[in-house]
Structure formats: structure tokens, C-alpha cells
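J.: Below: one structure in C-alpha cells.
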């Protein structure tokens, strides 16, 4: 950290907070125990601003900004949970639940799923949209892990952790729009791909799309919190 | 190369042309070419040779009224012939110096009188593959003037003064954008020309790139000088092979004439341009996705800020402008900012090229001064709706725009006016619809387009467009309820406000604008299970007898 740190003060949900120049709104909010829901963001990975759950309102602008990438500025007035934002968040969650086959009761991640808990915390009581029920495959070719496209929300955390932290870049996205799919290597079976079997993608996956074959249900909590620590240790070295 | 040498080339071309008594300009743009313009050109050449008259047959870019193609314009008389077939070539050549061929002559005076040609000033007058033709019409004069007589900030000032706004659709002030990139730090900067024209029914940029490629290159080089960039990229979609070929030829010829390359005109300024091909994704017209695509990555947008002007191609300050914006630069530098600012309306200066399509007599390319009434474009220039049908709406701005109904035809065309009525200027597609068009079906068509072109990165656009398409399909098939309509409106709001990039943010516009002006058509479909235009095939509900 350089000596001349520029400090900004801003207001988030009525609380006056201070921040370093270049910090994101999400970072500052969480430092001050203000929770902003996120799905694609994960501490330790680069941000893509794709899930749109963390959108916040800035006074004086009609545009909603993704707090995971929007940086703070002096005197900014941020609102993180207005009526308008909550409505949008619920609609986005509805869109996600209806997009693929998210059936919590028979999902390995039941009880440990970020999508499920967001639905609960955001007060999503039912889905008004028709379910798309796409026919999707399950890739169980890997000896330790399984990829279930039915549960994938395309947050690309697995893509990023594999490329940025593990350095293998096995995962990527294929196709576009609603037909987008996570693929390993050049669309090969995971089992015969260049996977290093580190399991980081499984730990960072927010849903039951990537899971450990040897565990089910209540036994399958995920531990994505290792990432910031791992990055810190690498930096220190 | 200096201004004198340029003038020398221009003079020699004019002298060469003066040796001919007549010039037959044959439009070789896609619409004319698909109707046999190539055969017509060959027939004209052999007829000219056989007649012994001094006739120059020249292939040119788009002349405008595509629906009258194949087109031949005879100079110096300025007679325009339409629907000309190869076997009529001899008749045309025989008429030179005599009476014109009345049955082939186009009566398009009104069509042309209302137009002001700045971007299209050379279209139909030069051979796009001959740099000297372009030079003979003051080509590259602006670049040399800028390099020899102006400072970079002087060029930026002139563009700012002109009031030119981005022609890609957003209408961001071009001078401001140039100024931002000029001020950005770092010694490596890039110029990018966005030629990824993808709106259904729009072909302005293609025609400019095919008909007058040097104009785009000159604009880019001037931009490079103004902001301090020495490398440019033209991003063209691969579906435009002719544009790519013409640009490739143009770049080669410009390099040969030392109008691109190192130490241009003996100054320290270096500039060269490379072509990059798009692989058929509409979203790559969005600037951050376009940058990713040029970098060789998956073409998906990124959240802005940081804007490309600060951190763009490979993290360097990058100036991205549309083809038509660059095509406006040379005349502005040549004639001054005030000249340009004198045209158009208060906050939208200059002219705009529109691709007029749909249910209208004169389809094709038109260039009009900003502020012109929609009614003039449609009724006078376009020649109204044919076949005794009545005009219903005009769609501007492609899948990001909206439908403007008949009662708003007296609206003056400008960025702000179109935005106010729920549409956008867009890149310049203008689709005219008559009473045989079902507005719900139109909205469904554009939603399907957005759905299939969504990149899939952000959820509202990826899943929201699909859900909206489903609801619109249900309405078209007479299977929807009023609750569906409410849900549709709510989805429109969420997709519009929460999507990551412009594609998603504007995807609901066709639905919102048709709901605003043609809500009764939606109600007819939902409540009375009938399509007023008779387009949608609604099955009558089966009555169950107890």
C-alpha cells in the first residue's frame, strides 16, 4: 500500500462510512456490515458484474450500478435495499429458478446453496414465470466430481477460479444466450480433460452444479472462503 | 505526399475523365448487383465500344433508391435510369447525345430534392476500388490539411465545434469523446471503427464501406492524429465480404500512396489500419464486447466504467466510433465545424443516413438533414406506402428502438425527439409498417432477435428476453391472459434497468413502445382472441358442449 492513501467518505444506507480510493462499493459496504446480496462475486476472484444481484442505487443517477465493480467516490449516496432494488432482485431470482431445473428437494446442495438461501433472504415465495425445463446433461465422467448443468446458473466462478487461481483454465463458456454452457477444455468430457483435480471449482460453485461424488446433501457444505487466504499467502511469498 | 501532389493526382484524373464525352455510372451495390448489375456493366462496355462514342463505364457504390435497381446514371446530363437490364444497354448508349430513354427514366426528383448528401456525397460518383477517384473529389485533402496546418487539439476543437454526435445510435458527442481519449495518458492508444452493423433492416454502414471506403480510412487517420494514436482497427462483420474486400483494396492503395504508414507526409505521425472480422454476434457491436472480440476473447460486454476512452483495447485508451461517424470527419475538417453545425436541429447537427425499408415505395438509402420531419422522409422521400394500404408505424433503431405511430409523423428527427417518444435514433434502420403489420408480432420478432443474440453473460438479458418472448408468443397465439400482460410489463422494467449492456437495456423498447401506442392490439389478442391485422394465426377456442 502506498503512503498517500486517498480517503473518501460516502453514505451507504444512511451510514457515513470511509473508504480508500479505488475500493468497490460492495467491499466498503461489507466492511461496515451492510449486506448486499451477490451470486457471481467471490472474494479472491476477479469481478464480472454479471449476476446483477448487487445492483445499488446512487443518488442523482437513474442508472443502477453493480456494487462489485463500481468504485466509491467522495460524497456518494448509496442505497442498497430500496423497494425498487428488492423487486428487481426477486425478479432476477425468479428468472434464474425458471431458467434451468432447480429442484431443491432432490439437489445435493440442498441447505448449502447460495441460490436457495438468496431466494429465502430476498423473500421469494413463489415463481410466477413458467419453468423452461430444458433438457440438460450431467457430466459424471470425472472420477471425483460431477457437473450437473441442470443446476448451473452460469456465474462463471468455476471458470475464473480455474483460470485465475489454479492457472489451468479448464473451464470456459460455450454458446450464447440461454444456450450458454460451461464446458471443460474444448467441450470434452470432464474426466478426459486437462483438469488438475484440485477441486477449487467445486468449492466455489454456489449451487449444486459442481459437487463431490462422495458427498451428498447435508454432508456437502462448500468452503469458498479459502480463496482470499490463499491469495494472501501467495502474495506474501 | 503533400497538398500539391494530391492536387496533381486529382487534376490528372479529371483530365482523364474529360477525354470521355459521357460517363455511365452503374450502381454495383448489393441490391443492384443481385439484379444483374454486373452483366449490365459488361453490356454497357461492349455497347459503348461498338458505338464508337467516347463512353466511360464506371462501377460505383450505392446510389440510394435500391427499389429501382439496377441503376445507371448518365453524366454530365445527370439522367437516372432504373430497372435497367443488360439487353437495354444498347438503347441507353444509342440515346447518348439524343433523346433520353423515357421508359427507363426514374422520376425521383422529389426523392433526391429533400436529401442533403454529406456522408454519401461520393456514393454513385466514384469507383470504390480506385483511390484516385476519391482524391479527385477532394479525398485525403482533409487528412493532409490536418497534418500540415492544424494541431491535434485544433482538430478536436473543430469536431467539437461541429456538434457531431455518435452515429452508432447512442449519440454521444464525438468531440467530447475525442477530447477524453486525447487527454488520456500513455503513449499507446488505439482507434477502432465499429462496422459491426447488425440491426435488422439496416445497411448504411455496409453501403458506406462498400461505396466509399477511403472516407472511413481518412476519418480514422484524422482521429489518430487528433488523439495521438498510431494504430487503427476496422471491425467488420464477416457477413459483409464485399465491404471487407473493398476496405482491403482501399488500405493497400492508401499505403501505396503513402497516405497510411510511417511518417505520413513527412511528419512524425504514423498511422496504419488493420481489419478485424466479426464472427456474426450482434452483441459485438457493443463497444466493450467489440474490444474483447478484437483481443481474441469471447465477445461479451464488460461493465463500464472504466470506459474504453480510459481503458479499452489491451487496457489502452481507445477511441471507438461508428463507420458513419468517421465518414463525417473529412468534410468537417475540410469545411469547418460551423459549416456542419449550420445543418440540422439545435442539439442534433448535420445529416443522418437512414436505410428505408419495409412497406414503402422507394426503399433504399437516404441522407437527410437532422430535424427533418418523419412525414417528409416517409411521404416525400419514401413515396408513401404502396398498394393502397395505410401507414401504421415506423420502427427506428432496430431491436433497441421503438415504433412511432402515424399521429407522430410530424416529429422532427433528432436524438432527443426520438428518445422522448420511446424510440432511439439508432444506427439508422427505418422500417415502415402498414395496416397489414401486427404490432404484437413485430414486437415478438424483435424480442426473438434479442433473445437469440443475447450473449448470456447477465441473467436479466439471458433469461428475461426468453421469458418475454414466450409471453409475446402466447399473446400472438391467443393463449395469454391479462396477468401475462402485467408480467410482461414488469419483466420489461427489470430487463431494462438491470441488464449489463446496451443490448439488454434496450431489448424491451420494441415491446414498451408498441404497448404505449398500440395497446389496443394487445388487448384484442388477449381478450377477443383476434388479430386486427390478420397476421397472427389464432385458433378459435373449442366450445365444449356439456
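The values are calculated or read from the model by the stated rules, or taken from the named source; none is laboratory data. These numbers were taken from a predicted model, which means no experiment stands behind them. Every residue, glycine as well, gets a Cβ built from its backbone with ideal geometry; the counts of neighbours run over all protein chains shown.
J.: Do you know which residues across region A:1-54 are touching a strand residue (DSSP E or B) at 6+ places or on another chain (Cβ under 7 Å) and touching a residue at least 60 places away in the same chain (Cβ under 8 Å)?
T.: A:8, A:9, A:10, A:11, A:12, A:13
A quick yes/no check of all residues on (1) surrounded by fewer than 24 Cβ atoms within 10 Å (Cβ to Cβ); (2) free of Cβ contacts under 8 Å to residues at least 40 places away in the same chain; (3) within 14 Å of chain A (Cβ to nearest Cβ):
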| site | (1), (2), (3) |
| --- | --- |
| B:201 | yes, no, no |
| B:208 | no, no, no |
| B:217 | no, no, no |
| B:239 | yes, no, no |
| B:245 | yes, yes, no |
| B:255 | yes, yes, no |
| B:258 | yes, no, no |
| B:261 | yes, yes, no |
| B:291 | no, no, no |
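J.: Over 33 Å from the mean Cα position of the chain (by Cα) and either at positive phi or modelled with pLDDT of 95 or more (or both), is that true of residue B:48? Before the answer, list the steps.
T.: On the way: over 33 Å from the mean Cα position of the chain (by Cα): yes; either at positive phi or modelled with pLDDT of 95 or more (or both): no.
No.
J.: Residues being within 12 Å of chain A (Cβ to nearest Cβ) and surrounded by fewer than 24 Cβ atoms within 10 Å (Cβ to Cβ): count how many of those fall in region B:504-532.
T.: Count: 1.
J.: Buried (at least 18 other Cβ atoms within 10 Å of the Cβ), within 12 Å of another protein chain (Cβ to nearest Cβ) and under 30 Å from residue A:7 (Cα atoms) - does that describe any residue in region A:86-106?
T.: no
J.: Does residue A:229 count as more than 14 Å from every other protein chain (Cβ to nearest Cβ) and under 16 Å from the mean Cα position of the chain (by Cα)?
T.: Numbers: more than 14 Å from every other protein chain (Cβ to nearest Cβ): yes; under 16 Å from the mean Cα position of the chain (by Cα): no.
In short, no.
J.: Suppose we filter A:44, A:111 for residues that are surrounded by fewer than 18 Cβ atoms within 10 Å (Cβ to Cβ) and at positive phi; which single one remains? Walk me through how you get there before you give the answer.
T.: Values: A:44 fails: surrounded by fewer than 18 Cβ atoms within 10 Å (Cβ to Cβ).
None of the other options fit; the residue is A:111.
J.: From the list B:407, B:367, exactly one residue is in contact (Cβ under 8 Å) with a residue 40 or more places away in the chain, surrounded by fewer than 24 Cβ atoms within 10 Å (Cβ to Cβ) and not in a loop (DSSP other than H, G, I, E, B). Which is it?
T.: Working: B:407 fails: in contact (Cβ under 8 Å) with a residue 40 or more places away in the chain.
On inspection, the qualifying residue turns out to be B:367.
J.: Another one. Scan region B:8-33 for residues that are loosely packed, with under 14 Cβ neighbours inside 10 Å and in contact with a helix residue (DSSP H, G or I) (Cβ under 9 Å, 6 or more places away or on another chain) and jot them down. Full working, then the answer.
T.: We begin by selecting, within region B:8-33, every residue loosely packed, with under 14 Cβ neighbours inside 10 Å; these are B:8, B:11-12, B:14-16, B:18-19, B:21.
Answer for region B:8-33, where residues must be loosely packed, with under 14 Cβ neighbours inside 10 Å and in contact with a helix residue (DSSP H, G or I) (Cβ under 9 Å, 6 or more places away or on another chain): B:11, B:12, B:14, B:16.
J.: On the basis of being within 23 Å of residue B:457 (Cα to Cα), modelled with pLDDT of 95 or more, under 16 Å from the mean Cα position of the chain (by Cα) and not in a loop (DSSP other than H, G, I, E, B), does residue A:115 make the cut?
T.: When the stated conditions are applied, residue A:115 passes them.
J.: Select from region A:170-203 the residues that are on the phi > 0 side of the Ramachandran plot and exposed (fewer than 14 other Cβ atoms within 10 Å of the Cβ) and write down the one among them that is farthest from the other protein chains (Cβ to nearest Cβ). Steps first, please.
T.: Kept after step one, since they are on the phi > 0 side of the Ramachandran plot, are these residues of region A:170-203: A:175, A:177, A:185, A:187, A:197, A:199.
Next, from what is left, pick out any that are exposed (fewer than 14 other Cβ atoms within 10 Å of the Cβ): A:175, A:187, A:197.
Working: A:175: 7, A:187: 14, A:197: 25 Å.
Top of the filtered list is A:197.
J.: May I pose another question? For region A:149-161, which positions are away from chain B (no Cβ under 14 Å) and either surrounded by fewer than 22 Cβ atoms within 10 Å (Cβ to Cβ) or in contact with a helix residue (DSSP H, G or I) (Cβ under 8 Å, 6 or more places away or on another chain) (or both)?
T.: As a first pass, look at region A:149-161 and keep what is away from chain B (no Cβ under 14 Å): A:150-151, A:158, A:161.
Those that are away from chain B (no Cβ under 14 Å) and either surrounded by fewer than 22 Cβ atoms within 10 Å (Cβ to Cβ) or in contact with a helix residue (DSSP H, G or I) (Cβ under 8 Å, 6 or more places away or on another chain) (or both): A:150, A:158, A:161.
J.: For region B:432-445, check the following and say yes or no: at least one residue is modelled with pLDDT of 95 or more and within 14 Å of chain A (Cβ to nearest Cβ).
T.: No, region B:432-445 has no match at all.
J.: Out of the residues in region B:299-314 meeting the condition of being buried (at least 18 other Cβ atoms within 10 Å of the Cβ), more than 24 Å from the chain's Cα centre (by Cα) and facing chain A (nearest Cβ under 9 Å), tell me which one is farthest from residue A:182 (Cα to Cα).
T.: The qualifying residue farthest from residue A:182 (Cα to Cα) is B:303.
J.: Might you check whether a residue that is crowded, with 20+ Cβ neighbours inside 10 Å, assigned to a loop (DSSP other than H, G, I, E, B) and at the interface with chain B (Cβ under 9 Å from one of its Cβ atoms) occurs anywhere in region A:69-76?
T.: Yes, the conditions are met somewhere in region A:69-76.
J.: Still on this structure, please answer the following. Within region B:446-483, track down each residue that is on the phi > 0 side of the Ramachandran plot and away from chain A (no Cβ under 14 Å). Spell out how you get there, then give the answer.
T.: Step one: list which residues in region B:446-483 are on the phi > 0 side of the Ramachandran plot, which gives B:456, B:478.
B:478, the sole residue that qualifies.
J.: Same structure again: Looking at the structure I just gave you, is residue B:428 crowded, with 19+ Cβ neighbours inside 10 Å, more than 12 Å from every other protein chain (Cβ to nearest Cβ) and either in contact with a helix residue (DSSP H, G or I) (Cβ under 8 Å, 6 or more places away or on another chain) or modelled with pLDDT of 95 or more (or both)?
T.: Numbers: crowded, with 19+ Cβ neighbours inside 10 Å: yes; more than 12 Å from every other protein chain (Cβ to nearest Cβ): yes; either in contact with a helix residue (DSSP H, G or I) (Cβ under 8 Å, 6 or more places away or on another chain) or modelled with pLDDT of 95 or more (or both): yes.
It is true that residue B:428 is crowded, with 19+ Cβ neighbours inside 10 Å, more than 12 Å from every other protein chain (Cβ to nearest Cβ) and either in contact with a helix residue (DSSP H, G or I) (Cβ under 8 Å, 6 or more places away or on another chain) or modelled with pLDDT of 95 or more (or both).
J.: If we scan region B:315-328, do we find a residue that is surrounded by fewer than 17 Cβ atoms within 10 Å (Cβ to Cβ) and in contact with a strand residue (DSSP E or B) (Cβ under 8 Å, 6 or more places away or on another chain)?
T.: From region B:315-328, those surrounded by fewer than 17 Cβ atoms within 10 Å (Cβ to Cβ) are B:315; that's our starting set.
Now drop any that are not in contact with a strand residue (DSSP E or B) (Cβ under 8 Å, 6 or more places away or on another chain), which leaves none.
No: zero hits.
J.: What residue, among those in region B:46-68 that are touching a residue at least 60 places away in the same chain (Cβ under 8 Å) and not in a helix (DSSP H, G or I), is farthest from residue B:384 (Cα to Cα)? Lay out the reasoning, then the answer.
T.: Step one: list which residues in region B:46-68 are touching a residue at least 60 places away in the same chain (Cβ under 8 Å), which gives B:58-68.
With the extra rule that they be not in a helix (DSSP H, G or I), the set shrinks to B:58-65.
Details: B:58: 32, B:59: 30, B:60: 27, B:61: 25, B:62: 21, B:63: 20, B:64: 16, B:65: 14 Å.
Filtering region B:46-68 for residues that are touching a residue at least 60 places away in the same chain (Cβ under 8 Å) and not in a helix (DSSP H, G or I), the one farthest from residue B:384 (Cα to Cα) comes out as B:58.
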